[in-house]
1. Check Lys97, Lys82 and return the single one that is exposed (fewer than 10 other Cβ atoms within 10 Å of the Cβ) and modelled with pLDDT under 65.
2. So which residues in segment 95-145 are without any contact (Cβ under 8 Å) to a residue 60 or more places away in the chain and either under 30 Å from Ala17 (Cα atoms) or assigned to a loop (DSSP other than H, G, I, E, B) (or both), if there are any at all?
3. So if I check each of Ala28, Ala2, Ala43, which one is farther than 30 Å from Pro102 by Cβ, loosely packed, with under 10 Cβ neighbours inside 10 Å and either modelled with pLDDT of 80 or more or over 19 Å from the mean Cα position of the chain (by Cα) (or both)?
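The values are calculated or read from the model by the stated rules, or taken from the named source; none is laboratory data. Quantities reported herein were computed from a predicted structural model and do not represent experimental measurements. All Cβ positions, glycine included, derive from the backbone under ideal geometry; neighbour counts span all protein chains shown.
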Amino acid sequence: MAKKSKTQRAKASAARAARKEQAREAQAAKVEAKDVAEADAAATEPKKRFFKKADKAEAPAADKQEKKSEKQIEKKSEAKPKKRRFGFLKDVRAEMKRVTWPTKQDVFRWSVVVVVALLFFGVYVALLDNVIITPLLVAISGLGA
C-alpha cells in the first residue's frame, strides 16, 4: 500500500473530526429533546394541592422521587468531569498529530533568512544612527551655544 501524502492525511483527519463533531451534535440533540419532553410532561401534570388529605399521603412519595432524580442528576454532573479528566491531553495529542511539521531543510532555510534580515537591519540602524542622526543632533545642539 502506498504512503498517503500530508494533504491526504490532513483531509482524512478533518473528515474524522467532522464525523466526531456530528456525533456530538446528534448526542446533544437527543439529550435536549429528552429534556424538552421531560419539561413538557412536568408542565402537563396537574398542580398538587397540599391541603387535601389525599395529597398529603402522595406528597412524601413525590418528594422521594424528586430526591432520587436530584441525586441522579448530581451523579451525572459529577461523572462528566471524571470522564473528561484527561480529555484536554487527548485533544492536544490529536492536534499535534495534525500539525504539518517543517523539514530540516525548511528550518535551515528560514533560519538563514532570519539571520540575514537581522544583520541587514542591524547595519541599517547603525549607519542611520552614526551617519545621519548623531551629526544632526550635534549640529542642533551647537546652535544654542
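1. Lys82
2. Correct list: Glu95, Met96, Val99, Trp101, Pro102, Thr103, Lys104, Asp106, Val107, Ala145.
3. Ala43
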